[in-house]
1. Whole-Hz ³J(HN,Hα) for each residue in segment 158-163, computed from phi via Karplus 6.51 cos²θ - 1.76 cosθ + 1.60 with θ = phi - 60°, x for glycine and proline: what do you get?
2. Suppose every K and R has +1 on its Cβ and every D and E has -1 on its Cβ; what is the size of the dipole of segment 184-342 about the Cα centre, in Debye to the nearest 20?
3. Report the charge-dipole magnitude of segment 215-299 in Debye, nearest 20, computed about the Cα centre from +1 at each Lys and Arg Cβ and -1 at each Asp and Glu Cβ.
4. Using θ = phi - 60° and the Karplus relation 6.51 cos²θ - 1.76 cosθ + 1.60, list the HN-Hα couplings for segment 234-248 in order, rounded to whole Hz, with x at every Gly or Pro.
5. Can you tell me the relative contact order of segment 142-295? Whole percent, Cα pairs under 8 Å, sequence separation 6 or more.
6. Report the full-extension gain for the segment Tyr158 to Leu304: residue separation times 0.36 nm, less the Cα-Cα distance, to one decimal in nm.
7. Pick out, in residue order, every one of the trypsin sites (Lys or Arg not before Pro) in segment 155-262 that is DSSP loop and has at most 10 other C-beta atoms within 10 Å; say none if there are none.
8. Can you give the FRET efficiency for Leu87 and Ile353, using 1/(1 + (r/R0)^6), R0 = 22 Å, r = Cβ-Cβ distance, to the nearest 0.05?
Amino acid sequence: MSTDAVTNPATPTTTPVPAAGKPPQGGPFAFVGAFTGFYPAQASEFSHLDPVTRFLYAARSVILVISAQSALMAGLLAATDRRFEWLPFVAVFVGYLVLHAVSNLSNDYFGYRRGHDTADSPRRRYTLHPIASGAVTPRLLATGLVVLGLVSVAIAAYFVALRGLPALWLALIGGVLLYAYDAAPRALKELGLGEIAAFVVWGPLMIGGGYYVITGHWSGVAFAASVPPGLGVMSILVGKHVDQREFDTGQHQRTLPVLLGESVARYFNEVSVVAMYAVTVLLVALGDLTPFALLIVLAAPRALRAIRVMARPTPTSPPAGYVGWPLWYHRVCLVHNRAFGWLYVAGLVLGAIFPKVLIG
């Protein structure tokens, strides 16, 4: 995904047609494209692909990377403490991807059923909508959700049998948050709580809770180490909801940016990005986190770019060649968080290999 357009948010003198992105290619590795960027929004672009690859595109797999990162972080923290177990880790990794896919697909399913994903909605303009595009029927999508739900229940049952009551509570909390985010009659994202829920899920629940189900032990360090990645995921969602604020207001979707107002929400997101680095440095200084985690400094240029973009209003039209419009703040936060997440993972890998290297 190119970030060149993001670095220059100046409004062009003409209104270019937003770029649709590179059409998905066929072949044995066609599925890889689902994880690499924004895609065209027409079902016809996907007709030549196999069912699995079409499903990966429909599930917005480009975002599933953040769940994979959370699973890796939980496993690496366990490995640092010499408590790593392979089978529980694999179950965590698969379970997180399945649950994230369920979240994405249910968001589309219920958004469509409730009439939010209209033809003029941002959701219909930046990528494929599985139902509205005609790629799949509502019934087929609902069937897929049931199948994925059964897989997640089976994984949860495995962990309850392995770890007991605490694993049951973790599964219940995750299930309630998943349901409450967009499926409940009064969804969290309609109450200004969806963004906070994203922080809780992809931070403490996935990383701190993941550490527990992998090892059978609680770790305050794991929960503390989950804060920077959780803030990063929250920043992506806040950015997206700032982009959609005007539309969400008309749809009575009281997201956090709708409640705070655009300028305050953008400032809130700038602070969140800065806090990702501040908390990491603090944990390293306290000796709770490997100093190798400071590899995240290599993502600082993208953080500064994200902050600069969020400090200014959205341009009235996309720069030439920009892919993903009308998403603007969301994309720059996604690009930053992807780099931050992989560097954080790399630091934890080195920390697991050299666990005695500490500061303080």
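Laboratory data are not the source of any read-out in this text; all were calculated from the coordinates shown. Fair warning: this is a prediction, and the values are worked out from it, not measured in the lab. Note that each Cβ is placed from the backbone with ideal geometry, even for glycine, and that neighbours are counted across all protein chains shown.
1. These are the phi-based 3J(HN,Hα) values: 4, 6, 5, 5, 7, 10 Hz.
2. Values: 12 positive and 8 negative charges, 58 e Å.
Roughly 280 debye for segment 184-342.
3. Here segment 215-299 has a charge dipole of around 60 debye.
4. Running phi through 6.51 cos²θ - 1.76 cosθ + 1.60 with θ = phi - 60° gives 4, 5, 4, 6, 4, x, 4, 6, 5, 4, 9, 4, 4, 5, 4 Hz.
5. Relative contact order for segment 142-295 comes out at 19 percent.
6. The Tyr158-Leu304 span can extend by a further 48.3 nm.
7. Arg186
8. With R0 = 22 Å, the Cβ-Cβ based efficiency is 0.50.
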